[in-house]
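Everything below concerns the one structure shown next.
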Amino acid sequence: MEEALLEARAAGVRGEVPVGAVVVQGGVIVAQAGNRCRELSDPTAHAEILAIRAACSALGRERLGGHDLYVTLEPCPMCAGAISAARIDRLYFGASDPKSGGVSVGARVFAHPQCHHVPEVYDGIDARTCETLLRDFFAARRDTE
């Protein structure tokens, strides 16, 4: 999770919502990314999507069975769908997202019968640090507006 937090912090410095994601296989980082929605003018450029794309590209395949994904914030429904499509084995996330989450709250994508692959999910990983990073980012933005 520490590497995902580094990606999240870098995203925050770029003015992006500070979310980071890391794809790992056997303890080795395969790909990592932070949010780049504003930079790329792409609403799908969430950290999870970018990390999954990079991992698939590096490995030359569209599925990531045997891989884990660490992300600082509960994935949204779009990212949860991508995690399922990529066949990620285990999802570890930090902060819950009561507003836009798609795993534990909200859409609960993995609970739907249409979801073809459900990863093992572990939440609350370094949650306090992840929550503080997000809270401080948005507080600073409110103070400047």
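Laboratory data are not the source of any read-out in this text; all were calculated from the coordinates shown. Source: prediction; values computed, not measured. Virtual Cβ from ideal backbone geometry, glycine too; neighbours counted across all protein chains shown.
Observations on the structure shown:
- Where only C-alpha atoms are counted, convex hull volume of segment 1-69 per residue in Å³: 72
- Ordering of 109-115, 64-70 by packing [mean C-beta count within 10 Å, highest first]: 64-70, 109-115
- Over segment 62-145 - Rg/Rh using Cα atoms and the Kirkwood inverse-distance radius: 1.04
- Under 16 Å from the GLN114 label point (7 Å along Cα→beta-carbon), backbone N, segment 48-66: none
- Alpha-carbon gyration tensor eigenvalues x 5, square-rooted, for the chain, Å: 23, 17, 14
- Amide hydrogen neighbours beyond the local backbone of GLY20, cut-off 5 Å, H modeled: ALA8, THR72, LEU73
- Fraction of antiparallel bridges per DSSP, the chain only, in percent to nearest 5: 55
- Two-site label geometry, THR44 and GLU131: point separation in nm, points 7 Å out along Cα→Cβ: 3.3
- Three-way shape label, segment 58-97, alpha-carbon gyration tensor, a/c 1.5: prolate
- Cβ-Cβ FRET estimate between ARG63 and PHE138, R0 fixed at 35 Å, reported to 0.05: 0.50
- Peptide ranges 39-45, 90-96, 8-14 listed from the most packed, as the mean C-beta count within 10 angstrom indicates: 90-96, 8-14, 39-45
- Taking the helices alone, the chain has a mean residue ellipticity at 222 nm of -12000 deg cm²/dmol, built from -39,500 (n - 2.57) per DSSP H run of at least 4 residues and averaged over all its residues.
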